[in-house]
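See below for the structure under consideration.
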Amino acid sequence: MSVTRREIGKEVTDGTRTGTLAGILPKVDEYVSGIGWTSGPLAFVRPPGGGIEWTAHPKALNAV
């Protein structure tokens, strides 16, 4: 499981949710509860029909 910039605009899934890959940021600093600050790539996914975008690590996503 992994997506790259080549999949932008295509359907992706994390195994539970499905949506359109809107973009991948190469490096994002974020705070993870219990771990602290971490840095890495972040994928933005838009659900079909609109709604709230969700994020995931690109390695956690798979092209549909």
Check: Does K27 qualify as being exposed (fewer than 13 other Cβ atoms within 10 Å of the Cβ) and part of a strand (DSSP E or B)?
Finding: yes
How many residues of segment 25-58 are touching a Leu at 6+ places or on another chain (Cβ under 7 Å) and among the β-branched types (V, I, T)? The answer is 3
When segment 1-17 is checked residue by residue, the ones that are loosely packed, with under 15 Cβ neighbours inside 10 Å and outside any helix (DSSP H, G or I) are M1, S2, T4, G9, K10, E11, G15, T16, R17
Restricted to segment 42-64 and to residues being in contact (Cβ under 8 Å) with a residue 24 or more places away in the chain and of a type in the set (A, V, I, L, M), the residue surrounded by the most Cβ atoms within 10 Å (Cβ to Cβ) is A43
Checked against (1) more than 9 Å from the chain's Cα centre (by Cα); (2) small (G, A, S); (3) surrounded by 10 or more Cβ atoms within 10 Å (Cβ to Cβ); (4) assigned to a strand (DSSP E or B), S39 satisfies every condition except (3)
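Bear in mind that the values in this text are calculations on the coordinates, not laboratory data. In this text, all values refer to a predicted model and were calculated from it rather than measured experimentally. Positions of Cβ are generated from backbone atoms using ideal geometry, with glycine treated the same way; all protein chains shown enter the neighbour counts.
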